[in-house]
Amino acid sequence: MTYIIECSNLTKKFKGKTALNSIDLKIPRGRIVGLLGPNGSGKTTFIKICNSLLTPTKGEIFIDGKEPGKETKAIVSYLPEGNYLNDWMNVRAIIGLFNDFYKDFDSKKAYQLLKDLNINPNDKFKNMSKGTKEKVQLILVMSRDAQLYLLDEPIGGVDPAARDYILDTILKNYNEKATIILSTHLISDIERILDDIIFLKNGEIIMSNTVDDIREKQGKSVDSLFREVFKC
Amino acid sequence: MSWDLSSDRPIYAQLLEQIELKICSGIYPPGFKMPSVRDLAQEASVNPNTMQRALSALEDTGLLYSHRTSGRFVTDDADLIKNTRTRLAQKHIKEFLKKMSELGFNKGEILEILINLSGGNTK
C-alpha cells in the first residue's frame, strides 16, 4: 500500500457551516507534509477526522487502507492542539501511561529527550510553563514508532530557539517510512523541513505541491506565496 | 561551516551548491566518506528527502559516488574537482562583472580596482 492517507469527497459540516468541502487527497509514505491555511480553514477538522475524533458528513477517508478507528489509532501518533494531559501527574507517570497505552512507545527515548531538554521527569505538569508543556507533549508523541504522525500546531507556543529544537527532534526521531503531517501558520520556520505543502482555504484544497517545485516555478518561498494567496 | 539557505530558491539546488563548495574547498576532501543522509539533513535542518535529492544529483555529476555497502564518498578524481572549482570561480566572476557594469565601471577600471585592492601586485 503506497498511500498512508487516502480520502475522496471528504466533507464535514457543523450546523450548516461547511468546515471541509469535498476534499480529495492522497498522501504517500515517507513524507513530511505541511498542512497550511489561515485560522478556520479546516486544518484541525481534517486532523481530527484522521483520528476518528470527528466523523465525516460525506465522503470517505482511509488511513493505511482502513477507516479511522481503533486499528488505525495503533499506528497514528497524534499531537492535539493545546493541553490534553492530566495536570496533576508528573512526567514520569505520564510516560508510564503512554507505555501502557501504546505498544510502539519507547520510554528510553522519551527519557533521553527529556534529559536533552533539561526537563525533570519528576516535575508535575501543572507547574510547567506553556512552552515546556508543549515540549513534553511533543516528546511523548515522537517517542512512538508510528506510521503516521499528526501534529496540530506543534510549534505555536514556543520561542524560536525551542522551535529549532522541536524541528530537530522531529527530523531526528521519525523513521523514514513514516509520514508526518503538521499544521501551522508559522511557515517560514518549518519550510525547509517539509517535502510537500497543502494549502487549505475555507475547507477546500487550493494548492498541493512540493516545496522545491513552488520555489522553482514561482521563484519565491512558500511563506511569501502563502502571504500572497491569503492576503486579507 | 554552516548551511546558509535563502528562502526564494529551491532548497535542493542550494544544498547541491553548498556541498560542491565544501568539496572544492577541501572541507570534504577527495575520497572522504560522506556523513549519512540523515546526519547531513539534520546538520542543515532540512528534510532528508531533499538532502537525498541533492546528493543524488551530485552522484550524477561524478563528484560523489556510492559504494553499495560502505556508503557515499567524495571522488578521487582531482581533475574533476579542479574543473568544478574553475566553473564555480567563473560563475562568481561573471556575477561580479555584471554588478560592476551595473555600477558603470568598464573593464579597465575594474582591473585597476582589483589590482589596487590586492596590494598593487598582479602576481
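What follows is calculated from the coordinates using simple rules that are stated; it is not laboratory data. Quantities reported herein were computed from a predicted structural model and do not represent experimental measurements. A quick note on method: Cβ atoms are made from the backbone with ideal geometry, for glycine too, and the neighbour counts reach across all protein chains shown.
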Revision key, fill the gap. Of B:Gln52, B:Gln18, B:Gln42, the most mobile residue in a GNM of chain B (C-alpha springs, cutoff 10 Å) is B:Gln42
Revision key, fill the gap. Quick P(r) readout (region A:79-232; Cα-Cα; 5 Å bins; whole %) gives 2, 8, 17, 20, 19, 13, 9, 7, 4, 1, 0
Point to revise | Within region A:148-232: Cβ-based charge dipole about Cα centre, in debye rounded to nearest 20 (Lys, Arg +1; Asp, Glu -1) | key: 160 debye
Point to revise | Spin-label model distance (nm) - A:Phe14 vs A:Asn99, 7 Å beyond Cα toward Cβ | key: 3.8 nm
Review point. Lys/Arg Cβ at +1, Asp/Glu Cβ at -1, dipole of the protein assembly as shown taken about the Cα centre: which of A:Gln137, A:Thr11, A:Tyr149 is farthest positive-ward?
Key: A:Thr11
Study note, to complete from the structure: Highest mean packing first, using Cβ neighbours within 10 angstrom, the peptides A:35-42, A:65-72 sort as A:35-42, A:65-72
Point to revise | Per-selection metrics, chain B (Cα): Rg and Dmax in Å | key: 17.8, 56
Revision key, fill the gap. Partner lysines whose C-alpha sits under 19 Å from that of B:Lys99, ignoring same-chain residues fewer than 8 away, are B:Lys91, B:Lys107
Review point. When the helices in chain B are scored as -39500 (n - 2.57) per DSSP H run of 4 or longer and the sum is shared across all residues, what 222 nm value do you end up with, to the nearest 500 deg cm²/dmol?
Key: -18500 deg cm²/dmol
Study note, to complete from the structure: In whole angstrom, largest first, the equivalent ellipsoid semi-axes that the Cα gyration tensor gives for region A:150-232 are 22, 15, 13
Practice item. Quick one: among B:Leu103, B:Leu15, B:Leu64, which has the greatest mean-square fluctuation in a GNM of chain B with alpha-carbon springs under 10 angstrom? Key: B:Leu103
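Rounded to two decimals, what is Rg over Rh for region B:11-76 when you use alpha-carbon atoms and the Kirkwood radius? Please list the in-between numbers first.
Working: Rg = 10.7 Å, Rh = 11.6 Å.
Looking at region B:11-76, the ratio lands at 0.92.
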Practice item. Enumerate the residues in region A:170-204 having an amide nitrogen under 19 Å from the point lying 7 Å beyond the Cα of A:Gln218 toward its Cβ. Key: A:182-204
**Study point:** From phi via Karplus (6.51, -1.76, 1.60), per-residue ³J(HN,Hα) for region B:81-94 in Hz, x at Gly/Pro
**Key:** 5, 4, 4, 5, 4, 4, 4, 5, 4, 4, 4, 5, 5, 4
Check your understanding: How large is the helix-only mean residue ellipticity at 222 nm for chain A, computed as the sum of -39500 (n - 2.57) over DSSP H runs with n ≥ 4, divided by its residue count, in deg cm²/dmol to the nearest 500?
Key -> -9500 deg cm²/dmol
Check your understanding: Using alpha carbon centroids, what distance separates region B:70-116 and region A:63-138, in Å?
Key -> 52 Å
Study note, to complete from the structure: The Kirkwood hydrodynamic radius of the protein assembly as shown, taken as the inverse of the mean 1/r over all distinct Cα pairs, in Å, comes to 23.0 Å
Practice item. Rounded to the nearest 0.05, what FRET efficiency do B:Glu43 and B:Thr69 give with R0 = 25 Å and r taken as the Cβ-Cβ distance? Could you check? Key: 0.60
**Study point:** Nonlocal amide H pairs with A:Ile119, under 5 Å, H built at 1.01 Å
**Key:** none
Exercise for review: Mind listing the long-range amide H neighbours of A:Ala19? Cut-off is under 5 Å, sequence gap 5 or more, other chains count too, H placed in the peptide plane at 1.01 Å from N.
Suggested key: A:Lys12, A:Lys13, A:Phe14
Review point. Taking θ as phi - 60°, what are the ³J(HN,Hα) couplings along region A:158-166 by the Karplus curve (6.51, -1.76, 1.60), each to the nearest whole Hz, with x for Gly and Pro?
Key: 10, 6, x, 5, 5, 4, 4, 5, 4
Review point. In debye, nearest 20: dipole of region B:11-76 around its Cα centre with unit charges on the Cβ of K, R (+) and D, E (-)?
Key: 200 debye
Check your understanding: In this model, which of A:Lys12/A:Lys73; A:Lys217/B:Lys82; A:Lys26/A:Lys177; A:Lys26/A:Lys133; A:Lys70/A:Lys177 are farther than 27 Å apart at the alpha-carbon?
Key -> A:Lys217/B:Lys82; A:Lys26/A:Lys133
